[in-house]
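The structure appears below as C-alpha cells.
The values are calculated or read from the model by the stated rules, or taken from the named source; none is laboratory data. In this text, all values refer to a predicted model and were calculated from it rather than measured experimentally. FYI the Cβ positions are ideal-geometry reconstructions off the backbone, even for glycines, and counts take in every protein chain you see.
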Amino acid sequence: MTVQRTTAITTIGLAIDSGPVRRRLQRLFTGVGWRTLESPAPGDVPRCDVLVTDLHRLEDVRTALPTLALVSGTGAVGLGATSADLRAIVDRDDLDGAFLTAVQEILAGHGWVSPTLIPPLLRHLHRPWPPAGSGADAAPVRLAGLTARENEVVALVARGMSNGEIAAELHVAESTVKFHMSNILQKTGLRDRSQLAARLPGPLAWSA
C-alpha cells in the first residue's frame, strides 16, 4: 500500500494498553514517516493529529481529537458517548493496511470502519429484543444469575477487552478468565464470546 508523505510530519497519539499492539503500530506508523507519541498514563492524551486508542479508553478523551478506536471483534457494538471526535474503528487483529487506511481517511476528513466489523455493528443498530421464551439464541443475556466476578468479566467484555486484557485488569491468570467465561456462557445459554458481546446493550454501570 502506498502512503503519501507530506512536508509537515503527521503526529499519531497512541493510548493503547497492550504493549505488543502499541509497538506494532509504532513500527507501522514510523515506517511511513509519521511520528508517534504515547499516552503517559490513562487520562493523559498527547497532542496529536490523530489519536489511536483502545475502545475502553475513549472515556479518558476530553477533547475533540480526531480518533481511531481499536476493538476486539464484536466489542465494537459497545460504543458509547465520548468527547472524542470518533472517526474510525479498526479490529486490532486486522492487517496493517487497515490501520494505515483508517488514519489516511481521518486525515482526509473522512471516516472508516474495518469491513469485518460492519456486520456486528449493523446487527447491533437494528437488533430488536425478542419476546421471552423465543429460545436461547435470541434471548437477551440474563445477568441476575452471575456472580460478582462474572459480572465484572461481562462488563470488560462489553468494553471490547480480550481475555488477556481482562486478566491484566482483574489481576488474575488468563486461565481464570477463561473459566469465568465458560461459566458465563453456560449460565446465559449462549454459544461463545462473540454471541455474548453481540447481546450486550453497550457500556453499562455494572453492579457487583
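Details
- When LEU28 is tested against (1) part of a strand (DSSP E or B); (2) touching a helix residue (DSSP H, G or I) at 6+ places or on another chain (Cβ under 7 Å); (3) not small (Gly, Ala, Ser), exactly one condition is not met: (1).
- Residues that are surrounded by fewer than 18 Cβ atoms within 10 Å (Cβ to Cβ) and part of a strand (DSSP E or B) within segment 31-50 comprise ARG35, LEU37, GLU38, listed in sequence order.
- Of the helices (runs of 4 or more DSSP H) contained entirely in segment 101-195, those carrying at least 2 residues that are modelled with pLDDT of 75 or more fall at 148-158, 163-170, 174-188.
- For beta carbons closer than 6 Å, sequence separation of 6+ or different chains, a first residue in segment 41-67 that is under 16 Å from ILE12 (Cα atoms) and a second that is at pLDDT 85 or above and charged (D, E, K, R), the qualifying pairs are ASP54/ASP17; PRO66/ARG87.
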